[in-house]
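Enquirer: Got a structure here, written out as structure tokens. Questions coming.
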Amino acid sequence: MPDNTEKYKTYKAQDEAKIEQDFLKGTKEEDLGIYCNMFSAKSSIEGQDGGVVTALLIKGLEEGILDSAIVVRRGEGYSAEAIVATNAGEVSAAKGTKYLRVNVIQKLRELISQGKKRIAIVCTPCEVKAARKIQQTLKNDCGITIIGLFCFEAYDSDKLKKEIKARLNVDLDKAEKTQIRHRKFSAFFDGQESSCKVKDLDNATEKACGYCDDFTAKFADISVGSVGSKKGCSTVIVRSKAGEKLLKNLGFIKEAVDKEEIVRLAKFKRERAKKSLAALNNPK
Ligand SMILES: Cc1cc2nc3c(=O)[nH]c(=O)nc-3n(C[C@H](O)[C@H](O)[C@H](O)COP(=O)(O)OP(=O)(O)OC[C@H]3O[C@@H](n4cnc5c(N)ncnc54)[C@H](O)[C@@H]3O)c2cc1C
């Protein structure tokens, strides 16, 4: 099998440099990407962590900075689907993390073809890059604000449900919330928590995630995650003028983040991707 590692690395570096040059602002760190501000925040909304993503989208829609927002709503059971929200109620109904890979890019294409001009999209790092590629091809004045979620990996819904049933004897379809924190996966039923180690769920992860080297959604306008913040707060990394505009005048309670914790996980994910790619090129 030909080893295309070097060719791939060169293409990837040029591609990423162009995205950085076209959209981002600030100083660059290898594990965090380009950023101009970073803090921990809590909004008045009870979201997955600090409710920051939901608060940003509601403000953006109410102030006319946005005309539509692509979010991910829980479907039947433990499933998820991308939808377009145009008001606070629809955004709120989609709050909370669904630890699944969801295709949000199709909705972005639809909104662009409908002529929407002020779109926000919430997505995991893999989809952030796809959204940027689309944005680079736009020839009109369509503005896209990308909110990237930190992501170590996503799960296959059926496999996850099976694994959780086998380990915890609970039906994930009935969980009102799921949360990954400090290497623990928790599902909540009537406020009661059932949890196991994240490591025990390895068989249920999306296999492509093992090749992804981006933990903090480095090419988004604003990245949001829980790592680096205390329980109930979100880590916010601001990376562009579009990100600053959406954040302006929002009355969040702000604190400093634990940057080392974020860097440690980002490095870990990058090393894992390196090993996975090396194994592809040198199969035993
Ligand atoms: C698959 C996945 C893995 C993650 N892993 C980590 C991690 O390892 N470490 C970490 O710190 N953070 C991780 N996060 C991010 C974290 O769980 C929170 O989403 C983030 O902190 C925002 O919290 P919030 O309270 O501001 O969000 P909220 O205000 O509750 O809003 C969450 C937003 O995310 C959208 N959303 C939910 N699920 C998805 C999805 N699958 N795809 C796209 N959009 C979605 C919702 O529609 C909503 O708009 C992950 C998120 C996902 C989707």
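The values are calculated or read from the model by the stated rules, or taken from the named source; none is laboratory data. Note that the structure is predicted; figures quoted are calculated from it, not measured. Cβ: placed from backbone, ideal geometry, glycine included. Neighbour counts: every protein chain shown. Heads up: the accessible areas ignore ligands, DNA and RNA and are worked out on the full protein's heavy atoms, side chains in. Shrake-Rupley method; radii C 1.70, N 1.55, O 1.52, S 1.80 Å.
Enquirer: Check the range 246-255 and report whether any residue there is more than 14 Å from the ligand (Cβ to nearest atom), in a helix (DSSP H, G or I) and closer than 19 Å to Ser43 by Cα.
Expert: Within the range 246-255, not a single residue is more than 14 Å from the ligand (Cβ to nearest atom), in a helix (DSSP H, G or I) and closer than 19 Å to Ser43 by Cα.
Enquirer: Can you pull out the residues in the range 256-284 that are among the hydrophobic types (A, V, I, L, M, F, W, C), surrounded by fewer than 21 Cβ atoms within 10 Å (Cβ to Cβ) and in a loop (DSSP other than H, G, I, E, B)?
Expert: Within the range 256-284, Ala256 is the sole residue that qualifies.
Enquirer: Among the residues of the range 88-116 satisfying the criterion of being open to solvent by 70 Å² or more (accessible area, probe 1.4 Å) and away from the ligand (no atom under 11 Å from the Cβ), which is nearest to the chain's Cα centre (by Cα)?
Expert: It comes out as Gln106.
Enquirer: Which numbered condition in (1) closer than 30 Å to Ala187 by Cβ; (2) out of contact with any strand residue (DSSP E or B) (no Cβ under 9 Å at 6 or more places or on another chain); (3) small (Gly, Ala, Ser) is the only one that Ser113 fails?
Expert: Tallying (1) closer than 30 Å to Ala187 by Cβ; (2) out of contact with any strand residue (DSSP E or B) (no Cβ under 9 Å at 6 or more places or on another chain); (3) small (Gly, Ala, Ser), Ser113 fails exactly one: (1).
Enquirer: Here's a follow-up. Test each condition in (1) within 16 Å of the ligand (Cβ to nearest atom); (2) open to solvent by 30 Å² or more (accessible area, probe 1.4 Å); (3) out of contact with any Leu (no Cβ under 7 Å at 6 or more places or on another chain) for Lys161 and report the one that comes out false.
Expert: For Lys161, the exception is condition (3).
Enquirer: Taking the options Thr137, Thr145, name whichever one is more than 9 Å from the ligand (Cβ to nearest atom), of a type outside the set (D, E, K, R) and open to solvent by 60 Å² or more (accessible area, probe 1.4 Å).
Expert: Thr137
Enquirer: Does at least one position in the range 209-227 carry a residue that is open to solvent by 30 Å² or more (accessible area, probe 1.4 Å), among the aromatic types (Phe, Trp, Tyr) and under 30 Å from Ala13 (Cα atoms)?
Expert: The answer is yes; a qualifying residue exists.
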